[in-house]
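J.: The structure under discussion is supplied below as structure tokens; questions concerning it will follow.
The values are calculated or read from the model by the stated rules, or taken from the named source; none is laboratory data. Bear in mind that the values here come from a model prediction, so they are computed numbers and not experimental data. Every residue, glycine as well, gets a Cβ built from its backbone with ideal geometry; the counts of neighbours run over all protein chains shown.
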Amino acid sequence: MTKILVVDDEAPLCMLYAEELTEEGYEVVSTRDCEGLMEMIEQHRPDVIVLDIRMGEWNGLDLLQDIRNAYHDKPVILCTAYSPFKYDLRSVAADYYVVKSADLTDLKTKISMALEGSASVLT
């Protein structure tokens, strides 16, 4: 089963993502605490990571750099309401980005695209 890791500090969003993505047939693991994120990635080995940018004391773009340094081929989707991130060059390390919304159509599409892209890299 395809596993999605959701990293977001907002509990209601984590629950929404988990509910909707589980209905799509994905296994969903989420965290609101970024302290042990790299260990969590190693332990759960997600196929795709959905990463928020602004998470209290944590900056998702810094976390994205950490993820890329350790897992350069792991698909990462930035999911944020913070639009100025586009001007931060660190954001280009993400595979895709979506604007946060209660309608997860765009996120689901980007997840499918990320999975298709990672499958073609492996073949």
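J.: Evaluate the following for L13: is it in contact (Cβ under 8 Å) with a residue 60 or more places away in the chain, in a helix (DSSP H, G or I) and surrounded by 15 or more Cβ atoms within 10 Å (Cβ to Cβ)? Break it down stepwise before answering.
T.: Values: in contact (Cβ under 8 Å) with a residue 60 or more places away in the chain: yes; in a helix (DSSP H, G or I): yes; surrounded by 15 or more Cβ atoms within 10 Å (Cβ to Cβ): yes.
The answer is yes for L13.
J.: Looking at (1) over 11 Å from the mean Cα position of the chain (by Cα); (2) surrounded by 15 or more Cβ atoms within 10 Å (Cβ to Cβ), find the lone condition where E24 falls short.
T.: The one condition E24 does not meet is (2).
J.: I've got another one for you. Which condition from (1) closer than 15 Å to L5 by Cα; (2) assigned to a helix (DSSP H, G or I); (3) modelled with pLDDT under 95; (4) hydrophobic (A, V, I, L, M, F, W, C) is the one that A18 breaks?
T.: All conditions are met except number (3).
J.: Next question. Output the number of residues of the range 30-39 satisfying the condition of being more than 14 Å from N59 (Cα to Cα) and surrounded by 19 or more Cβ atoms within 10 Å (Cβ to Cβ).
T.: 0
J.: Filter the range 63-80 down to the residues that are part of a helix (DSSP H, G or I) and under 11 Å from A93 (Cβ atoms) and list them by number. Please lay out each step first, then the result.
T.: From the range 63-80, those part of a helix (DSSP H, G or I) are 63-70; that's our starting set.
Those that are part of a helix (DSSP H, G or I) and under 11 Å from A93 (Cβ atoms): L63, L64, Q65, D66, I67, R68, N69.
J.: Which number in (1) over 18 Å from A94 (Cα atoms); (2) of a type in the set (A, V, I, L, M, F, W, C); (3) not in a loop (DSSP other than H, G, I, E, B) marks the one condition that V6 misses?
T.: (1)
J.: How many of the residues making up the range 16-56 are in contact (Cβ under 8 Å) with a residue 40 or more places away in the chain and among the small types (G, A, S)?
T.: So the count comes out to 1.
J.: Select, from G56, G36, the only residue that is touching an Asp or Glu at 6+ places or on another chain (Cβ under 8 Å) and farther than 21 Å from M1 by Cβ. Show your work before the answer.
T.: Working: G36 fails: touching an Asp or Glu at 6+ places or on another chain (Cβ under 8 Å).
Step by step, each of G56, G36 is checked, and only G56 is touching an Asp or Glu at 6+ places or on another chain (Cβ under 8 Å) and farther than 21 Å from M1 by Cβ.
J.: Of everything in the range 43-58, what is modelled with pLDDT under 95 and among the acidic types (D, E)? Give them in sequence order.
T.: Those that are modelled with pLDDT under 95 and among the acidic types (D, E): D52, E57.
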